[in-house]
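Read the structure below first, then the notes.
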Amino acid sequence: MDKSLKIEGMTCAACAKAVERAAKKLEGITEANVNYAAEKLNVSYDPAKIRVLDILKAVEKAGYKVVEEETTVDEDKEKKEKDMKVLWRKFVVSAVFTLPLLIITMGHMFGEPLGFKLPVLIDPMINPGNFAIIQLLLVLPSMIAGYKFFTKGFNSLIRRSPNMDSLIAMGTSAAFLYGIFAIVQIFNGNVDYAYDLYFEAAGVILTLITLGKYLEAVTKGKTSEAIKKLMGLAPKTAIVIRDGIEISTPIEYVEVGDIISVKPGEKMPVDGKVMEGSTSVDESMLTGESIPVEKNAGDNIIGASINKNGAIKYQATKVGKDTALAQIIKLVEDAQGSKAPIAKMADVISGYFVPVVIGIAVLSAFAWYYFGGETAVFALTIFISVLVIACPCALGLATPTAIMVGTGKGAEYGVLIKSGAALETAHKVKTIVFDKTGTITEGKPKVTNIIITNGVTEEYLLQIAASGEKSSEHPLGEAIVNGAQEKGLELFNLDFFKAIPGHGILVQIEGKNILLGNRKLMAENEIALEDLESAADELAGEGKTPMYVAINGHIAGIIAVADTVKKSSKRAIEKLHEMGIEVAMITGDNKRTAEAIARQVGIDRILAEVLPQDKANEVRKLQTEGRKVAMVGDGINDAPALAQADIGIAIGSGTDVAIESADIVLMRSDLMDVPTAIQLSKKTITNIKQNLFWAFGYNTLGIPIAMGLLYLLGGPLLNPIIAAAAMSFSSVSVLLNALRLKGFKPIK
């Protein structure tokens with residue numbers, strides 16, 4: 001069983017790792033992943049071995065709060081805004097007291113050439129004690145405003161899971177305690193300590209880190225805007241007709257079977273089926289398709305779509321979590337909560353990073369003091385700088401923020417990417433296999449030719465073929481039934497029906513054995529095709545599918561059916577070729593028909609006359625060539641191939657089984673969304689690599705500088721205040737880079 005839990009109190013990647021460790025230690029947990037950016041723990045567990053309550057207790061024991069209950073988008077937004085206001089207030093309080101602290105501390109050093117002088121009462125040369133006490137008083141509000149850094153940081157240290165707060169708490173505590181020590185020395189007559197109090201370092205570090213946390217909260221909020229937009233699409237109420245009276249009802253209380261009235265301009269509250277009236281509906285918020293869709297009695301309604309111009313009444317068929325919108329939100333949330341394989345390296349490093357940094361800080365300070373011959377103040381500067389500059393926030397944000405923005409952007413354009421792994425793998429695809437019917441073609445074929453022999457009339461041939469196919473679900477059979485209905489032909493009752501997958505059907509009508517299907521079916525039943533074989537080849541060469549009809553063991557004629565190619569198919573395949581991707585087509589049709597379709601759209605490789613059960617094997621053969629393979633399909637018979645492929649891409653208008661088996665779902669059923677999905681994957685992975693490069697590069701360069709490398713080479717010593725500013729900037733820069741993905745546009 002899978003469960004997603006909201007976690008509060010995480011401040012960096014090390015926190016996320018600690019929550020994962022706490023969950024993974026429990027018996028019955030098969031998988032545990034934390035998305036730091038989304039603040040969620042996703043667990044897979046065996047309910048026979050462990051209960052959710054046990055997971056909650058383990059996480060809370062690790063020092064973090066679990067919020068299990070689901071919140072509405074308004075409640076979530078309200079909570080995030082409240083948290084941001086609290087952070088902003090804390091920053092303002094810190095800044096108000098830290099600014100004069102900085103002026104007092106640095107003013108006497110830098111302001112004298114400009115005529116600035118401290119009042120005699122707090123002049124360090126005249127009243128060093130007052131100078132020290134006023135700094136202590138000014139730093140205390142910053143320490144109080146940032147108290148959570150200390151409570152969380154030292155608690156994590158006690159639990160042996162140090163995190164970012166631990167580094168901040170240790171660094172600022174060291175600076176503060178040294179300041180207290182210096183005050184004692186000043187009042188004992190050693191006034192030299194007045195010039196190295198370090199209170200300003202503690203105050204400025206806490207102020208800058210709080211500002212960084214506020215900016216991080218703001219930008220993290222923007223990464224999940226797509227999911228918030230989706231959650232905000234559904235109306236809050238519905239007009240339900242009960243006992244002939246229209247009643248306004250909260251959407252939570254709408255039940256399956258309720259009749260709902262929707263007027264022009266209103267949103268459809270839930271999914272359903274039109275019972276009365278006709279209208280056009282804007283479904284662009286879910287499918288990305290801007291053209292309104294006509295709806296009449298019997299047509300399906302998608303919840304949250306907009307009724308454009310007609311008043312209708314429709315019956316609710318899906319409510320709550322079962323609606324299309326709720327399912328889409330679930331898909332996007334799952335994707336945003338999942339991890340891409342590229343994140344594993346960052347996770348491993350984050351788990352060991354903080355303890356290693358603490359060790360480096362201690363050793364560096366020790367080395368400078370004992371072997372470098374430097375003062376205790378110098379060693380303290382090194383210790384604080386290393387702790388502050390090395391916080392691993394940027395590492396924890398690098399991957400999940402890009403995935404959140406990437407999957408959210410995809411959802412905005414009707415491309416639903418189910419997981420981070422799918423998002424990462426898609427850009428590696430070198431071969432894409434398209435199912436023909438309903439994918440490259442419209443999937444709504446029509447009867448184009450009827451060829452007869454042995455004295456059978458066209459009407460009778462179509463009549464018996466349609467009578468046989470009325471029990472079939474195949475699109476070609478549906479075309480024959482529609483063709484007979486258009487001519488007003490009455491259909492016969494069936495005495496017997498048997499579908500032969502990949503070949504056709506065997507039926508009995510009025511005592512006659514009827515075979516309807518492809519050439520293989522005729523060959524297996526030893527039926528001579530006479531002079532119809534050349535006619536069938538000619539039809540196939542025109543891109544039509546010839547279907548042979550035999551009556552009582554003798555060929556009676558051919559019914560040719562043609563399926564038109566989708567307008568976007570050729571353009572989509574051209575774009576894939578421009579991206580260096582080979583395109584193949586798989587179909588149960590004969591080779592000549594397949595070749596005719598392939599010529600129209602520019603297919604590279606044709607896999608024709610493939611039985612439904614063999615589609616997965618064909619995909620497997622392509623994979624043995626060492627290529628990443630994507631499969632695009634829409635039918636039940638495509639599901640095994642979609643699951644076998646490295647990336648399964650389902651057409652949104654397809655069956656639930658196909659959509660369930662796929663990694664990516666194209667809501668608009670537009671093949672142009674295939675290159676869009678590949679391009680989005682490439683852009684997102686590039687963004688993740690940029691983020692990881694910056695995060696790793698920042699720490700690789702920052703830590704040696706904080707250790708005093710530049711000073712050793714004759715340069716300056718890194719001030720802890722600069723280290724704090726750099727640490728905050730690193731996290732915000734990673735988030736801002738991820739937000740660049742919001743400018744992604746679909747391929748046209």
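Scan (1) in contact with a helix residue (DSSP H, G or I) (Cβ under 9 Å, 6 or more places away or on another chain); (2) at pLDDT below 85 for the single condition Lys742 breaks and write down its number.
So the condition that Lys742 fails would be (2).
With the structure loaded, tell me whether Thr11 is polar (S, T, N, Q) and in a loop (DSSP other than H, G, I, E, B) or whether it fails that test.
Taking the combined requirement at face value, the residue satisfies it.
Scan the stretch 500-520 for residues that are within 49 Å of the chain's Cα centre (by Cα) and open to solvent by 60 Å² or more (accessible area, probe 1.4 Å) and jot them down.
Of everything in the stretch 500-520, those that are within 49 Å of the chain's Cα centre (by Cα) and open to solvent by 60 Å² or more (accessible area, probe 1.4 Å) turn out to be Pro501, Arg519, Lys520.
Going by the conditions given, is Val657 within 22 Å of Ile500 (Cα to Cα), surrounded by 17 or more Cβ atoms within 10 Å (Cβ to Cβ), at pLDDT below 85 and not acidic (Asp, Glu)?
no
Which condition does Leu739 not pass, out of (1) open to solvent by less than 60 Å² (accessible area, probe 1.4 Å); (2) in contact with a Leu (Cβ under 9 Å, 6 or more places away or on another chain); (3) under 19 Å from Glu424 (Cα atoms), if it passes all the others?
It fails just one condition, (2).
Kindly check whether there is at least one residue in the stretch 571-589 that is buried (at least 19 other Cβ atoms within 10 Å of the Cβ), small (Gly, Ala, Ser) and within 30 Å of Gln463 (Cα to Cα).
For the stretch 571-589, residues buried (at least 19 other Cβ atoms within 10 Å of the Cβ), small (Gly, Ala, Ser) and within 30 Å of Gln463 (Cα to Cα): present.
Considering each of Leu491, Leu532 in turn, give the residue that is free of Cβ contacts under 8 Å to residues at least 60 places away in the same chain and hydrophobic (A, V, I, L, M, F, W, C).
Leu491
For every residue, the table says whether it meets (1) modelled with pLDDT under 70; (2) in contact with a strand residue (DSSP E or B) (Cβ under 6 Å, 6 or more places away or on another chain); (3) crowded, with 19+ Cβ neighbours inside 10 Å.
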residue	(1), (2), (3)
Ala324	no, yes, yes
Ala343	yes, no, yes
Ile349	no, no, no
Gly359	no, no, no
Val362	no, no, no
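Would you tally the residues in the stretch 632-648 being closer than 13 Å to Val619 by Cα and either modelled with pLDDT under 80 or surrounded by 24 or more Cβ atoms within 10 Å (Cβ to Cβ) (or both)?
Of the residues in the stretch 632-648, 9 are closer than 13 Å to Val619 by Cα and either modelled with pLDDT under 80 or surrounded by 24 or more Cβ atoms within 10 Å (Cβ to Cβ) (or both).
Out of curiosity, is Ala523 under 24 Å from Val610 (Cα atoms), open to solvent by less than 30 Å² (accessible area, probe 1.4 Å) and at pLDDT 90 or above?
no
When you look at Leu529, is it touching a helix residue (DSSP H, G or I) at 6+ places or on another chain (Cβ under 8 Å) and under 23 Å from Glu609 (Cα atoms), yes or no?
When the stated conditions are applied, Leu529 passes them.
Could you list, in sequence order, all residues of the stretch 8-38 that are crowded, with 24+ Cβ neighbours inside 10 Å, β-branched (Val, Ile, Thr) and modelled with pLDDT of 80 or more?
Val19, Val34
Anything in the stretch 548-568 that is buried (at least 18 other Cβ atoms within 10 Å of the Cβ) and at pLDDT 90 or above? List them, or say none.
Correct list: Tyr548, Val549, Ala550, Ile551, Ile555, Ala556, Gly557, Ile558, Ile559, Ala560.
Tell me yes or no: at least one residue of the stretch 125-137 is modelled with pLDDT under 85 and on the phi > 0 side of the Ramachandran plot.
The answer is no; no qualifying residue exists.
Failed condition for Ile721, given (1) more than 26 Å from Thr399 (Cα to Cα); (2) surrounded by 15 or more Cβ atoms within 10 Å (Cβ to Cβ); (3) at pLDDT 80 or above, with all others met?
The number of the failed condition is (3).
Inside the stretch 690-718, can you point out the residues that are in contact with a Gly (Cβ under 9 Å, 6 or more places away or on another chain) and open to solvent by less than 20 Å² (accessible area, probe 1.4 Å)?
Ala695, Gly708 - these are the residues of the stretch 690-718 that are in contact with a Gly (Cβ under 9 Å, 6 or more places away or on another chain) and open to solvent by less than 20 Å² (accessible area, probe 1.4 Å).
Return a yes/no flag: does the stretch 662-670 have any residue that is modelled with pLDDT of 85 or more, under 22 Å from Leu622 (Cβ atoms), open to solvent by less than 10 Å² (accessible area, probe 1.4 Å) and among the small types (Gly, Ala, Ser).
No, the stretch 662-670 contains no residue that is modelled with pLDDT of 85 or more, under 22 Å from Leu622 (Cβ atoms), open to solvent by less than 10 Å² (accessible area, probe 1.4 Å) and among the small types (Gly, Ala, Ser).
Which of the residues belonging to the stretch 427-444 are buried (at least 21 other Cβ atoms within 10 Å of the Cβ) and at pLDDT 90 or above?
Matches in the stretch 427-444: Val429, Thr431, Ile432, Val433, Phe434.
Please go through the stretch 237-277 and give me each residue that is within 18 Å of Thr317 (Cα to Cα) and not in a strand (DSSP E or B), ordered by number.
If the condition is that a residue be within 18 Å of Thr317 (Cα to Cα) and not in a strand (DSSP E or B), then Ile251, Glu252, Tyr253, Val254, Glu255, Val256, Gly257, Asp258, Met268, Pro269, Val270, Gly277 are the ones that fit.
Identify, from the list Leu680, Leu692, Leu712, Leu701, the residue that is closer than 23 Å to Val405 by Cα and at pLDDT below 90.
Going through Leu680, Leu692, Leu712, Leu701 in turn, just one is closer than 23 Å to Val405 by Cα and at pLDDT below 90: Leu692.
With respect to Ala145, is the statement that it is open to solvent by less than 20 Å² (accessible area, probe 1.4 Å) and at pLDDT 90 or above true?
yes
Leu167: assigned to a helix (DSSP H, G or I), within 18 Å of Leu137 (Cβ to Cβ) and touching a residue at least 40 places away in the same chain (Cβ under 8 Å), yes or no?
Judged against the criteria, Leu167 is not a match.
Among the residues of the stretch 445-474, which ones are open to solvent by 40 Å² or more (accessible area, probe 1.4 Å) and part of a helix (DSSP H, G or I)?
Glu458, Glu459, Tyr460
Kindly check whether there is at least one residue in the stretch 393-416 that is closer than 30 Å to Tyr369 by Cα and either touching a residue at least 60 places away in the same chain (Cβ under 8 Å) or buried (at least 24 other Cβ atoms within 10 Å of the Cβ) (or both).
Yes, the stretch 393-416 has at least one match.
Could you check the stretch 73-91 and list, in sequence order, the residues that are at pLDDT below 85 and surrounded by 13 or more Cβ atoms within 10 Å (Cβ to Cβ)?
Hits for the stretch 73-91 are Val73, Asp76, Lys77, Lys79, Lys80, Asp83.
Does Lys544 satisfy the condition of being of a type outside the set (Gly, Ala, Ser) and buried (at least 19 other Cβ atoms within 10 Å of the Cβ)?
So Lys544 fits the description; yes.
The values are calculated or read from the model by the stated rules, or taken from the named source; none is laboratory data. Just so it is clear, the structure is predicted and the values come from calculations on it, not from any experiment. Backbone-built Cβ (ideal geometry, glycine too); neighbour counts: all protein chains shown. The accessibility values were calculated without ligands, DNA or RNA, using every heavy atom of the protein model including side chains. Shrake-Rupley method; radii C 1.70, N 1.55, O 1.52, S 1.80 Å.
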